[in-house]
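Presented below is the structure to which this report refers.
The values are calculated or read from the model by the stated rules, or taken from the named source; none is laboratory data. Worth saying up front: this structure is predicted, and the values here are computed from it rather than measured. Using ideal geometry, Cβ is built from the backbone for each residue, glycine included, and neighbour counts are taken over all protein chains shown.
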Amino acid sequence: MGPISSLTRPAPLDVGNLLTDAGQQFKNLNPNEPGQWPLLPKLAAWLATALGTLGLAWVLVVSAGSDDLQAERARAPG
């Protein structure tokens, strides 16, 4: 085995280039054909849908629980 100094170093990570490439995936998307979108926009759409669904479910559960709590407070003596 050769000296450690002869090992190659990985190329530095170019974050700006990665962000530019990621942003390019969101350009010229056809909303009628989401199956043809690149992976990143698909994942973003799935995540937004999941978070929206969870948020709506949370609001509905909390509002139902709040109504139950108010009813119990009204029934409680004193």
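Would you check if there is a residue in region 57-76 being modelled with pLDDT of 95 or more, at negative phi and either within 23 Å of the chain's Cα centre (by Cα) or of a type in the set (Ser, Thr, Tyr) (or both)? No; the residues of region 57-76 include none that is modelled with pLDDT of 95 or more, at negative phi and either within 23 Å of the chain's Cα centre (by Cα) or of a type in the set (Ser, Thr, Tyr) (or both). Of all residues in region 1-50, those that are of a type in the set (A, V, I, L, M), at pLDDT below 95 and outside any loop (DSSP other than H, G, I, E, B) total 5. In the condition set (1) more than 25 Å from Leu19 (Cα to Cα); (2) not charged (D, E, K, R); (3) not in a helix (DSSP H, G or I), Leu60 is compliant with all but (3). Residue-level check: of (1) surrounded by 10 or more Cβ atoms within 10 Å (Cβ to Cβ); (2) at pLDDT below 85; (3) among the hydroxyl-bearing types (Ser, Thr, Tyr), Thr53 misses just (2).
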